[in-house]
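Take a look at the structure below.
Bear in mind that the values in this text are calculations on the coordinates, not laboratory data. For clarity, every value in this text was computed on a predicted model and none was experimentally measured. Positions of Cβ are generated from backbone atoms using ideal geometry, with glycine treated the same way; all protein chains shown enter the neighbour counts.
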Amino acid sequence: MCGFISFQGIKEVGRIEMDDFTKAKDMIFPRDVLIGHNTLPEIAKMCESLGFADCGMIISGSNTYASAGKIVNDCMTDSKYNISVKLTGLATLANVKEVTKSGRECKAKFLLAVGEEGKTISQKWAPWNSRDRS
């Protein structure tokens, strides 16, 4: 599962009725989520439709990155995005600070959370990053 956080605001991209479910589904939350079969190659298109800047960062654990994050990275890079990767573990304060530091260093304008580690860190990162901390 991949989650998105954009610091450019939230844009509604449409709604899908539950009756239409086949093998893939997108849901609009404060974060956009793609779920289902063959959704990884669609992530770059979703980022484009949301108007994301060209510089972002993938947050993931090492196992999930090997199985899904690398595919996301390749798709984003093929779509001309400048993507940095931060491999992390559990959502500890130390890891949140490390992700924040990495995001600032690479000047990421959005995060792509791939897998549980990235998703959990990104949920804690947004409120932490919104504070003025160095």
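Points worth noting:
- Pairs where the first residue, in the range 72-93, is touching a residue at least 60 places away in the same chain (Cβ under 8 Å) and the second is in a strand (DSSP E or B), C-beta under 8 Å, 6+ apart: 72/2; 72/58; 72/112; 72/114
- All positions within the range 27-86 that are part of a strand (DSSP E or B) and basic (Lys, Arg): 86
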